[in-house]
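Reviewing the structure listed below.
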Amino acid sequence: MSTKKEIKFTVSLDENHIPETIEWTASEGGGVSNEKIKAMMVSVWDPKEKVAKRVDLWTKDMLVDDMKYFHFQTLMTLADTLERSTGEVESAKKIRNIGMEIGKDMKVLVK
């Protein structure tokens, strides 16, 4: 018997169609209900076209320094996901190394 789960994103836009608020709800993993977030990156794989499709959104009050740290953390979790899903240990290590360099360049990390 299969079950279905839902992850929902709600985006409120201003008069210029710029995101003012983003909220997400998910029932799995302890549950989240209408939690406010400032940015999101969602990637999906289209097997027919063999291409990654994505939605990147951030609110107009997202701080630049927070966005830099968000990108740094996303690179690091990308490496974790690659390693866990494919066993590509060396490639994941390279992504982490590049992530650390970028983190230093953006001054997210202390050199």
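The values are calculated or read from the model by the stated rules, or taken from the named source; none is laboratory data. Predicted, not measured: the structure shown is a model, and the values here were computed from it. Quick reminder, even Gly has a Cβ in these numbers, built from the backbone with ideal geometry, and neighbours come from all protein chains shown. All accessible areas refer to the heavy atoms of the entire protein, side chains included, with ligands and DNA or RNA removed. Shrake-Rupley method; radii C 1.70, N 1.55, O 1.52, S 1.80 Å.
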Legend entry - For M106, distant residues with modelled amide H under 5 Å away: none
Legend entry - Selection of trypsin sites (Lys or Arg not before Pro), the range 42-102, meeting DSSP coil and at most 16 other Cβ within 10 Å: K48, K50, K60
Inset, instruction - For M100 and M62, calculate 0.36 nm times their separation in residues minus their Cα-Cα distance, and state this gained length in nm to one decimal. - result: 11.4 nm
Inset, instruction - First compute the accessible area of the chain with a 1.4 Å probe, then give the percent of it belonging to carbon and sulfur atoms. - result: 56 percent
Legend entry - Under the Karplus curve 6.51 cos²θ - 1.76 cosθ + 1.60, θ = phi - 60°, whole-Hz ³J(HN,Hα) for the range 15-22, x wherever Gly or Pro sits: 5, 9, 6, 9, x, 9, 9, 10
Legend entry - Per residue value of the accessible surface for the chain (all protein chains in place, 1.4 Å probe), Å²: 79 Å²
Legend entry - Exposure rule at most 10 other beta-carbon atoms within 10 Å, DSSP loop GluC sites (Glu not before Pro): the chain longest free segment: 50-111
Inset, instruction - Starting from one equal scatterer on each C-alpha and no solvent at all, send me the Debye-based log10 I(q)/I(0) for the chain at q = 0.19, 0.23 Å⁻¹, two decimals. - result: -1.22, -1.27
Legend entry - Proximal lysine pairs, the range 23-111, alpha carbons under 20 Å, eight or more residues apart or interchain: 14
Inset, instruction - Note down the magnitude of the dipole of the chain about its Cα centre, charges +1 on Lys and Arg C-beta and -1 on Asp and Glu C-beta and zero elsewhere, to the nearest 20 debye. - result: 380 debye
